[in-house]
Amino acid sequence: MTASPPALLATCWTTAGDTRPDRADNLGRFPLPDRIEAAARAGYAGFGFWLGDLLAWRETGKSYAALSRHLADAGLPVVELEFLSGWHATGERRQRSDAARAELFQAADALAARHIKVMPPFLPDEIQGDALSAEFAVLCAEAAEHGLKIGLEMLPFSTLPNLASALAMAERADAPNGGLLIDIWHVVRSGGAVGEVADIPAPFIVSVELCDARSAMQGSITEDTMRHRRLCGEGDFDLPGFLSALDAAGYDGPFGVEILADDFRKLTLDEAARRSFETAAAQFTAARG
């Protein structure tokens, strides 16, 4: 592993406070400028935005240009947007997804975003195989017009439940700006080994997310992913091994830190930013051995 520190990105939920993506009221509990400044003070090089927070920002009459100035003032050059679902759907669901896609592209242009996180299909009757890859290729082609990468997050409770299936979909799409967003939690909970990421061609790794958790799942898989993740190094996951495998794959992009946990949500904004950054950064030191 190279000696230079990686670009760590504070994903949207890491600075959002006491909220969750699966709640109806899932907006961040702290103002976006405060969250950006806290991430910068902690040492982060990037910041992640939730679509709901972006829409709420605009509803107050504020512009994305103003948000971009906050990022510039804080010195956070790496920007992630999340998430887009239903990009493969039809009918009314596709109409809603297309509206979200247009909004995300508009935000990306103003904020100079690097990539957008997208969700896979979840229902067994949704399109699969070549048809799904074709839709992904179209999405990536549109994103390329905005200078964006598209990272599909492999989820063990989706129709692309492991690295092999998600990679096969992306390879069929064969989009130069499209690939996988690899979260260690999803790799482990899919039954995969962290070392498997070493075999993924680097061009198909768009971004990576870090967290920790116990070996045994707590409650349902939804409860475990939303409530019981831990700060890096405070669980049982082999984070140094995961990072070493990514280094072997040739990945040199940013690493998002995504902590979804009940106790973490109770921290002050500055403490959440600081502890999440410091514990994640320590894993790279451990990986270098």
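Here Leu55 passes the criteria (1) among the aliphatic types (A, V, I, L, M); (2) within 21 Å of Ile150 (Cβ to Cβ); (3) in contact with a helix residue (DSSP H, G or I) (Cβ under 9 Å, 6 or more places away or on another chain); (4) surrounded by 19 or more Cβ atoms within 10 Å (Cβ to Cβ) except the one numbered (4).
If the condition is being assigned to a loop (DSSP other than H, G, I, E, B), over 17 Å from the mean Cα position of the chain (by Cα) and within 19 Å of Gly253 (Cβ to Cβ), then region 140-173 contributes His146, Gly147.
Being more than 25 Å from Ala38 (Cα to Cα), part of a helix (DSSP H, G or I) and not small (Gly, Ala, Ser) narrows it down to one residue among Phe242, Phe284, Phe264; which is it? Quick ask: steps written out before the conclusion?
Numbers: Phe284 fails: more than 25 Å from Ala38 (Cα to Cα); Phe264 fails: more than 25 Å from Ala38 (Cα to Cα).
Sole residue among the options that is more than 25 Å from Ala38 (Cα to Cα), part of a helix (DSSP H, G or I) and not small (Gly, Ala, Ser): Phe242.
If you go through region 38-55 and keep only what is under 20 Å from the mean Cα position of the chain (by Cα) and assigned to a helix (DSSP H, G or I), you end up with Ala38, Ala39, Ala40, Ala42, Leu51, Gly52, Asp53, Leu54, Leu55. Checking region 122-139 against the condition returns no match, with no residue being out of contact with any helix residue (DSSP H, G or I) (no Cβ under 6 Å at 6 or more places or on another chain), outside any helix (DSSP H, G or I) and within 26 Å of Pro254 (Cα to Cα). In summary, Ser97 fulfils each of the numbered conditions (1) closer than 30 Å to Pro161 by Cβ; (2) surrounded by fewer than 23 Cβ atoms within 10 Å (Cβ to Cβ); (3) touching a residue at least 60 places away in the same chain (Cβ under 8 Å) with the single exception of condition (3). A single member of Ala72, Ala102, Ala89, Ala39 is touching a residue at least 12 places away in the same chain (Cβ under 8 Å) and either farther than 20 Å from Cys140 by Cα or surrounded by fewer than 18 Cβ atoms within 10 Å (Cβ to Cβ) (or both), and it is Ala39.
For beta carbons closer than 8 Å, sequence separation of 6+ or different chains, a first residue in region 264-289 that is within 19 Å of Glu209 (Cα to Cα) and in contact (Cβ under 8 Å) with a residue 24 or more places away in the chain and a second that is of a type in the set (Ser, Thr, Tyr) and part of a helix (DSSP H, G or I), the qualifying pairs are Phe264/Ser276; Ala272/Thr14; Ala272/Thr15; Ala273/Thr14; Ala273/Thr15; Ser276/Thr14; Ala287/Ser244.
Throughout, read-outs are computed from the coordinates displayed, never taken from laboratory work. Source: prediction; values computed, not measured. Cβ atoms come from the backbone with ideal geometry, glycine included; neighbour counts cover every protein chain shown.
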